[in-house]
1. What residue, of ALA189, ALA200, is aliphatic (A, V, I, L, M), assigned by TED's automatic domain parsing to the domain that holds ILE156 and more than 16 Å from ARG2 (Cα to Cα)?
2. Sort through ASP260, ASP249, ASP254 and tell me the only one that's of a type in the set (D, E, K, R), farther than 24 Å from ASP27 by Cα and either surrounded by 17 or more Cβ atoms within 10 Å (Cβ to Cβ) or in contact with a Gly (Cβ under 8 Å, 6 or more places away or on another chain) (or both).
3. If you take the residues of the stretch 326-349 that are among the hydrophobic types (A, V, I, L, M, F, W, C) and farther than 19 Å from ALA306 by Cβ, which of them is surrounded by the most Cβ atoms within 10 Å (Cβ to Cβ)?
4. When the stretch 94-129 is examined, which residues are found to be within 26 Å of ARG76 (Cβ to Cβ), of a type in the set (Gly, Ala, Ser) and without any contact (Cβ under 8 Å) to a residue 60 or more places away in the chain?
5. Take VAL233 and tell me if it is among the β-branched types (Val, Ile, Thr) and within 30 Å of PRO151 (Cα to Cα).
6. Given the condition within 21 Å of GLU47 (Cα to Cα), not basic (Lys, Arg) and not in a strand (DSSP E or B), answer yes or no: does some residue in the stretch 82-99 qualify?
7. Of all the helices (runs of 4 or more DSSP H) wholly in the stretch 240-346, which have at least 2 residues that are in contact with a Cys (Cβ under 8 Å, 6 or more places away or on another chain)?
Amino acid sequence: MRFVHAADIHLGSPLGGLDLRDDAPKDEIRAAPRRAFERLIDYCASEEIDLLLIAGDLFDGRADVDTLIFVEAQLRLLSEGGTRCVLLRGNHDAASKQTLQLRLPEGAHGLSVDAAETIRLPELGVAVHGRGFADQHVKESIVETYPPAVPELFNIGMLHTSASGEGDHEVYAPCTVGQLTGKGYDYWALGHIHKREVLAESPPVVFCGNLQGRHPKETGAKGASVVTVENGVITEGPTHVDFDILRWDTITVDVGNALDESGVRVALERAINEVLASADEEMQYAVRVELAGRSPMHREIADAEATWHDQIRQIVAEAGHDRMWIERIRIGTSPPLPPLESLRAREDMVGELARELAEISAMESMPASLGTSLEALAEKIPTALLEGDDPLAVPGLAAGAGLQAAFEQVERDLLSRLVDTEIDHEEAGD
């Protein structure tokens, strides 16, 4: 048995940040959520998927009649292909927001919004547990109301939730990982968080992310999770599969080694080619281009920024092969930093600071006063930032966070700011 876990499709949502040039195919780009959903349905047919789970926010809000007709047609195709479907409502498509009824075909079931229920699919050896949102603002925990696991079946829990409530998302149906894993289910299909994340592995507790990125902050590949089950045990997955049509990306180009206009062009073309090579030839991109780095070209770029914006657009249009459009351009270059040795030799405030920083950087042990300050800082850092797969490491206190690397970074940052200030004053004639 194979199932696909999808969520946060947001049909009817206008993609944000599409203030693109007139040459961009705006209508095609705005249709990306629908096209991504069609790719999902086609995948279920071609891969003979047994079950499709949609964990909330199929619609972005109140569904209009055209969107309903589109979804009903796609779900009929799904059903005719032999794939069962279970879906629930999330905060964006809560029952209270809908004035028109979604008519589900045979083989598709919408979970109740009044109480948690269990859908038994004995032909697949599966029991699906869940509850949708009657209203948008479900602030209370509902997971404890979910039914117990059904013996002899593979149990899947579906929930639209902010989980612990951390991050940028609003709190909806909050819960802990312990509450989820404690239900005794074999898989948790979560929705609401648009970035793919595995909260636990045994059993898998998974945010599959959204099907299609909707704005410049939702960068990277988007899609759904695929799981294979044999004899009630997961044998493969959850594996991410891309379904997005348009991909948001930020292309940061370090032009520190560019000595002339040609060098900048080469660096940008290389970065564009890397992005294009990351997906198939049909993928389209809306990109934010950033020029960065301490470059000999900084002053030339800064003095003619509008002209460089045009050049960047031209380079992207040529190298992007009609698959890439610019969402925004940012110039973040800075002047080259003189060698640290020359700064340390200066007989002024900059030189004195450079020499003191070099002495501190060479220390093998931490000064007592600095250790006290770092400990006080560490106590103020939220616990969430100190835990997880990518915890924040406090220099000198956390394992692997040595002082030397931290001091070297501080040294370059402080001296860079002072040198940049001097250059600005010189150019202003102060």
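1. Result of the check over ALA189, ALA200: ALA200.
2. Details: ASP260 fails: either surrounded by 17 or more Cβ atoms within 10 Å (Cβ to Cβ) or in contact with a Gly (Cβ under 8 Å, 6 or more places away or on another chain) (or both); ASP249 fails: farther than 24 Å from ASP27 by Cα.
None of the other options fit; the residue is ASP254.
3. If we take residues in the stretch 326-349 being among the hydrophobic types (A, V, I, L, M, F, W, C) and farther than 19 Å from ALA306 by Cβ, then LEU343 is surrounded by the most Cβ atoms within 10 Å (Cβ to Cβ).
4. ALA94, ALA95, GLY107, ALA108, GLY110, SER112, ALA127
5. Values: among the β-branched types (Val, Ile, Thr): yes; within 30 Å of PRO151 (Cα to Cα): yes.
Yes: the conditions hold for VAL233.
6. Checking the stretch 82-99: at least one residue is within 21 Å of GLU47 (Cα to Cα), not basic (Lys, Arg) and not in a strand (DSSP E or B).
7. none
Yes/no matrix, rows are residues, columns are (1) of a type in the set (A, V, I, L, M, F, W, C); (2) within 20 Å of the chain's Cα centre (by Cα); (3) under 30 Å from ASN210 (Cβ atoms):
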site	(1), (2), (3)
VAL264	yes, no, no
LEU276	yes, yes, yes
ALA286	yes, yes, yes
GLY293	no, no, no
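The values are calculated or read from the model by the stated rules, or taken from the named source; none is laboratory data. Quick caveat: nothing in here was measured; it's all calculated off a predicted structure. A quick note on method: Cβ atoms are made from the backbone with ideal geometry, for glycine too, and the neighbour counts reach across all protein chains shown.
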